[in-house]
Amino acid sequence: MRSVDTRIGLGLAKPLLRGVIKSFSLAGFVPAGTVAVSGNVTVTGQTTLGWVALAPSLTWPTSTSTVNFPVGDKRANGIVVPVTGSRALSAVFSGRSSKATTQLIFDLTGYFLPIP
C-alpha cells in the first residue's frame with residue numbers, strides 16, 4: 001500500500017532536501033503495537049547522486065543508507081525496518097549539493113507485531 005509519495009504530497013508534502021530529516025506516520029496503515037514494517041523504498045527525480053536512509057530515528061549526517069542511486073535513475077530497495085511507538089519513520093537524503101532534492105516513494109508491504 002502506497003503510504004508516501006512526495007510527487008503528489010502523500011505522506012510528505014515535498015521532495016526530500018539534502019540533510020533535512022522528514023518524519024512520516026504509518027498509524028493509518030498499521031495497527032497499534034506494530035514494532036516493524038516491510039516495504040519498498042523508491043527514489044526518482046533526484047538532482048544529484050546520493051542515498052536515502054529510512055529508520056525510526058535519524059541524525060544528520062547519517063552513516064547509513066537504505067537505497068543508493070546515481071543521478072537520473074529510478075531506484076528501489078526492499079526493507080524491513082523498526083518503527084517508533086507512534087508508528088513513524090524518518091527519512092533523510094544525502095546528495096552532493098546543499099540544494100539537492102529527490103522524490104521519495106514508500107510502499108508498505110507488511111508489518112510485524114510482538115509475539116504475545
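Here is a yes/no grid of residues against (1) touching a residue at least 60 places away in the same chain (Cβ under 8 Å); (2) buried (at least 19 other Cβ atoms within 10 Å of the Cβ); (3) not in a strand (DSSP E or B):
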{"position": "Val4", "(1), (2), (3)": "yes, yes, no"}
{"position": "Ala13", "(1), (2), (3)": "no, no, yes"}
{"position": "Gly39", "(1), (2), (3)": "yes, yes, no"}
{"position": "Thr42", "(1), (2), (3)": "yes, yes, no"}
{"position": "Gln46", "(1), (2), (3)": "no, yes, yes"}
| message | Out of the residues in the range 15-36 meeting the condition of being in contact with a Lys or Arg (Cβ under 8 Å, 6 or more places away or on another chain) and of a type in the set (A, V, I, L, M), tell me which one is surrounded by the most Cβ atoms within 10 Å (Cβ to Cβ). | response | Leu16
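Scan Thr34, Thr6 and give me the residue that is under 21 Å from Tyr111 (Cβ atoms) and not charged (D, E, K, R). Break it down stepwise before answering.
Values: Thr6 fails: under 21 Å from Tyr111 (Cβ atoms).
Testing whether each residue is under 21 Å from Tyr111 (Cβ atoms) and not charged (D, E, K, R) leaves just Thr34.
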| query | Consider Gly9 against the criteria (1) in contact (Cβ under 8 Å) with a residue 40 or more places away in the chain; (2) over 16 Å from Leu89 (Cα atoms): it satisfies all of them except one. Which criterion is unmet? | reply | (1)
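Read-outs: derived from the displayed coordinates by stated rules, not from any lab. Predicted, not measured: the structure shown is a model, and the values here were computed from it. When we count neighbours, we look across all protein chains shown, and the Cβ atoms used for this are built from the backbone with ideal geometry, even at glycine.
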